[in-house]
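Just below is one structure, and these are the notes that go with it.
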């Protein structure tokens, strides 16, 4: 603060006393603002750089005073905005700043101020990321719906123009039914994801053996595994009691097992393992399938993210199953992690509080 005061005294030395006092008052006000703000003089040199601006831009505010703005914040875009403000124009836009590991976006409004200019800034990186996710989500949903609808339209048109062609009906009507089922699954998954993310549905907590729901889901998938030539096994040597939402955890096991079977080739195996680890209940789904490339591992829980559609034996899922499972597990205060060596299968491990009195959290 002493350095800032000294700088102000230096720049105000030749000003009339009333003007200098008013300028000092305003600059103190800018310094006290709770959001990032800085001012420059008519030559584009930093006059005030408050603490919030120093934190936002990662700059020692004391070293910024008296220097050209481009030296303090190396952004041609920001420099151009401030120069326009010095010329009498007000501009507002997001400025992209490189920060090593990833780019950051700062929303800046620059406008004329006294004999110089003032700029107010806020971090917009999280907002831009959320907006990008929203656009991607809408685009993905549109694509997932448009594809089966287009196929159904073409097949129906073919059946209609074929009069009483039994062969056309036999060929296309089952395919139309499959596409309808695909759209129903997509809509159901979208609704489930919305519920799990919003936390608006109160969980129905009860005590039960995690191995029981694992056994039930394994039995449900047994016929599908046999038809695919995949060995499906359950390892649950002891009771693992949890106080949780039975329906939610059942959905988690269903989604993980469905994912494993879709990516395990004929002759492979899928193992569901339920055990206790200290105070936690652990459920792991291991498969001997194609595995997940290392670069894809951090993204597999993203909505609609599919590693490689061409590797699935049948139609891929909606791309929402793993995202739903992760939200449901985290809603129990637990974790869901994926491990894989490409070409050697994958393991998805659910870890949730066991018999402890943990409340289910809102995702």
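Laboratory data are not the source of any read-out in this text; all were calculated from the coordinates shown. Everything numeric here is computed off the predicted structure, so don't read it as measured data. Positions of Cβ are generated from backbone atoms using ideal geometry, with glycine treated the same way; all protein chains shown enter the neighbour counts.
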Rounded Å value of the spacing that divides the Cα centres of region 63-119 and region 233-288: 53
Whether region 53-189 is rounded, prolate or oblate, judged on the alpha carbon gyration tensor where a/c under 1.5 counts as rounded: prolate
Rounded, prolate or oblate (a/c below 1.5 giving rounded, otherwise prolate when a/b exceeds b/c) for region 65-119 by Cα gyration tensor: oblate
Exposure proxy ranking, count of Cβ atoms within 10 Å, fewest first, for 241, 27, 167: 167, 241, 27
Neighbour-count ranking [beta-carbon atoms within 10 angstrom, fewest first] of 150, 269, 340: 150, 269, 340
Relative exposure of 57, 301, 35, judged by other C-beta atoms within 10 Å (fewest first): 35, 301, 57
